[in-house]
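Reviewing the structure listed below.
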Amino acid sequence: MILLDGKKAANEIKDEIKKEVLFLKKKHNITPHLVAILVGSDPASKTYVMHKVAACKYCGIDSSIVELYEGIEESVLLNKVIELNNRKSVHGIIVQLPLPKHIDSRKVTNTISPEKDVDGFHPLNVGKTVLGLPSFLPATPKGIVELLRRYSIQTKGKKCVVLGRSQIVGLPISILLGQKGDYADCTVTLVHSKTENIEEEIRQADILIAAIGKPGYVKKVMLKKDAVVVDVGISRVDNPKAKKGYTLMGDVDFDDVKDVCSYITPVPGGVGPMTVVSLLQNTLSSAKGLIS
Ligand code: GUN
């Protein structure tokens, strides 16, 4: 079994981004700027945003966090997004999800200007992605494809099973891997809560992308020998013995499956760091004016 070390790959990518940012500053006097909007005080969301900010800092990308309180009115949030859309010095805007229940997340992501939508959630970017046109790809699917590329994992003609149909991960990764091209060209099956015989479907997978948010769900008995396993899940599981009182766990029971798969991403240190650097790559592309 070979570990798909997302942390190592992400560190290499961060150094590549850093060089490009320096060049952009020197040659064109442009410093990419990412703004993250964080609503409420969900500890996991806060941690994710902090990771994004720290990675920006390392790469020389400016970043700001707009912190809004849990009970903020939707209209105030929408106006904040519009204000950032109009600010020339801002190249990327993200609104960390999930949002409080009284806010319509779709309305919010639809309000972000498609040219600054570095999360790739706006319908225009989703549509362009489906058509294979230049667009901001959502960070986690983009990071997964990049990780497969960095480890030269052959995907052409392989049977790929995507577990979970979320708009952020499952749906877009199934589209990307089914498209024509390198690190794509898969035969994709998207399985979800209404799929019959889920385990039988999973057992067909040469490549499994697990993104359902159920800690430890995938077991050895569900896997084909030598499957490539990409674990997108990252749940906080109570653990009184751990310093923080919880342990991070993926959707895959790592210890159970590690001897049957050929490659596997660890949690943490697999997909997570790749998501962060993909967001930075999108922000850099935006600052360069590459996507419009
Ligand atoms: N919540 C979980 N993943 C993401 C992501 O990629 N972007 C945003 N904005 N929120 C998230």
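The values are calculated or read from the model by the stated rules, or taken from the named source; none is laboratory data. In this text, all values refer to a predicted model and were calculated from it rather than measured experimentally. With ideal geometry, Cβ positions are generated from the backbone for all residues, glycine too; neighbour counts draw on all protein chains shown.
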*Can you tell me which residues in segment 1-18 are outside any helix (DSSP H, G or I) and more than 16 Å from Thr275 (Cβ to Cβ)?*
Met1, Ile2, Leu3
*Scan segment 151-180 and report the pairs whose first residue is closer than 16 Å to Asp119 by Cβ and whose second residue is within 13 Å of the ligand (Cβ to nearest atom) and in a helix (DSSP H, G or I), with Cβ atoms within less than 6 Å and a gap of 6+ or a chain change.*
Val169/Thr140; Pro172/Pro141; Ile173/Pro141; Ile173/Ile144; Leu176/Pro141
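Restricting segment 117-136 to residues that are within 11 Å of the ligand (Cβ to nearest atom) and at negative phi, which is surrounded by the most Cβ atoms within 10 Å (Cβ to Cβ)? Step through it out loud before you land on a result.
Applying the first criterion (within 11 Å of the ligand (Cβ to nearest atom)) to segment 117-136 yields 117-121.
Right, trim to at negative phi and you get 117-119, 121.
Numbers: Asp117: 27, Val118: 30, Asp119: 25, Phe121: 24.
This residue is Val118.
Can you tell me how many residues in segment 244-264 are within 16 Å of the ligand (Cβ to nearest atom) and touching a residue at least 24 places away in the same chain (Cβ under 8 Å)?
Filtering segment 244-264 down to residues within 16 Å of the ligand (Cβ to nearest atom) leaves 248, 250-251.
From what is left, the residues that are touching a residue at least 24 places away in the same chain (Cβ under 8 Å) are 250-251.
Total meeting the criteria: 2.
In segment 19-34, what count of residues is obtained for those that are in contact with an Asp or Glu (Cβ under 9 Å, 6 or more places away or on another chain) and either at pLDDT below 95 or not in a loop (DSSP other than H, G, I, E, B) (or both)?
Total meeting the criteria: 2.
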*Restricting the search to segment 126-137, which residues are in contact (Cβ under 8 Å) with a residue 40 or more places away in the chain and within 14 Å of Pro172 (Cβ to Cβ)?*
Val126, Thr129, Val130, Gly132, Ser135, Phe136, Leu137
_Residue satisfying all of: in segment 265-292; of a type in the set (A, V, I, L, M, F, W, C) and more than 15 Å from the ligand (Cβ to nearest atom); surrounded by the most Cβ atoms within 10 Å (Cβ to Cβ) among these_ = Ala287
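Give, as residue ranges, the helices (runs of 4 or more DSSP H) completely inside segment 72-188 that count at least 1 residues that are touching a Cys at 6+ places or on another chain (Cβ under 7 Å).
170-178
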*Can you name the number of the only condition in (1) hydroxyl-bearing (Ser, Thr, Tyr); (2) at pLDDT 95 or above; (3) over 17 Å from the mean Cα position of the chain (by Cα) that Ser292 fails?*
(2)
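Can we say Leu38 is of a type outside the set (Val, Ile, Thr) and in contact (Cβ under 8 Å) with a residue 60 or more places away in the chain?
On the way: of a type outside the set (Val, Ile, Thr): yes; in contact (Cβ under 8 Å) with a residue 60 or more places away in the chain: no.
Judged against the criteria, Leu38 is not a match.
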*Consider Glu73 against the criteria (1) touching a Lys or Arg at 6+ places or on another chain (Cβ under 8 Å); (2) free of Cβ contacts under 8 Å to residues at least 40 places away in the same chain: it satisfies all of them except one. Which criterion is unmet?*
(1)
*Just name the residue that is farthest from the ligand (Cβ to nearest atom) out of those in segment 94-116 that are without any contact (Cβ under 8 Å) to a residue 60 or more places away in the chain and under 19 Å from Ala44 (Cα atoms).*
Lys101
*Would you pick out the residues in segment 164-201 that are more than 16 Å from the ligand (Cβ to nearest atom) and polar (S, T, N, Q)?*
Ser174, Gln179, Thr187, Thr189, Ser193, Thr195, Asn197
*Tally time: how many residues in segment 39-67 are surrounded by fewer than 17 Cβ atoms within 10 Å (Cβ to Cβ) and either in a strand (DSSP E or B) or of a type in the set (S, T, N, Q) (or both)?*
6
*Can you find even one residue in segment 49-57 that is within 13 Å of the ligand (Cβ to nearest atom) and not aliphatic (A, V, I, L, M)?*
yes
